[in-house]
Each structure stands twice: as structure tokens, then as C-alpha cells.
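First up is the structure itself, then whatever we jot down about it.
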Amino acid sequence: MNGEFSFKAENLEGNMNQLARWYDLDIQYEHSIPNIRLGGSVSKQSSLKTVLKVLELIGLHFKVENRKVIVSDH
């Protein structure tokens, strides 16, 4: 919406699905899906690397392998 990813207290899985569609990614979770709700927005013009760095600020970790992103909260 308006050129931004809008995270409106939706669960992490829903937000990651939004990113997967935009960046054409396969999202996988190392363990179970963390029970995290996000709020805020990020420009869709941002690189995937930038978006993931923002999400790391809340304690998530990512491993990117080609078009696959593995999400971990450890």
C-alpha cells in the first residue's frame, strides 16, 4: 500500500508471506514460527537485505540461500 510494506500488528508469518510475494522468496522457519506481532512500515524500494536488518532489531535472525530465507529467533 502506497509503496510500503505495512505491518499492522499482524503475526510474523503473515508479514513474512508479504515479503515472500514481493521479493519472490521461499520462507522457511528453522524451528517453530515465532509468536511475534509487528507494527510499522518499510519502503518497498528497500533491498531485501535492508528489510531483514530492520527485522533483526526485534531479535530475529535470517539466513539467505538464493531465493530461500530461513527465519530463526535464536
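Quick look at the numbers
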| read-out | value |
| --- | --- |
| Within the stretch 32-66, tally of residues that are over 21 Å from E4 (Cα atoms) and in contact (Cβ under 8 Å) with a residue 40 or more places away in the chain | 0 |
| Pick from the stretch 13-31, criterion among the charged types (D, E, K, R) and either touching a Pro at 6+ places or on another chain (Cβ under 7 Å) or in contact (Cβ under 8 Å) with a residue 12 or more places away in the chain (or both), ranking: surrounded by the most Cβ atoms within 10 Å (Cβ to Cβ) | E13 |
| I58 being open to solvent by 60 Å² or more (accessible area, probe 1.4 Å), within 15 Å of E10 (Cβ to Cβ) and not acidic (D, E) | yes |
| Residue check for I70: open to solvent by less than 70 Å² (accessible area, probe 1.4 Å), out of contact with any helix residue (DSSP H, G or I) (no Cβ under 9 Å at 6 or more places or on another chain), aliphatic (A, V, I, L, M) and touching a residue at least 12 places away in the same chain (Cβ under 8 Å) | yes |
| Residue match in the stretch 66-74 (condition: at pLDDT below 90 and either assigned to a loop (DSSP other than H, G, I, E, B) or of a type in the set (D, E, K, R) (or both)) | yes |
| Counted residues, the stretch 26-47 - those being within 17 Å of I70 (Cα to Cα), more than 12 Å from the chain's Cα centre (by Cα) and part of a strand (DSSP E or B) | 0 |
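The values are calculated or read from the model by the stated rules, or taken from the named source; none is laboratory data. Remember, it's a predicted structure, so these values are computed and weren't measured experimentally. FYI the Cβ positions are ideal-geometry reconstructions off the backbone, even for glycines, and counts take in every protein chain you see. Please note that ligands, DNA and RNA were not included when accessible areas were found on the heavy atoms of the full protein model with its side chains. Shrake-Rupley method; radii C 1.70, N 1.55, O 1.52, S 1.80 Å.
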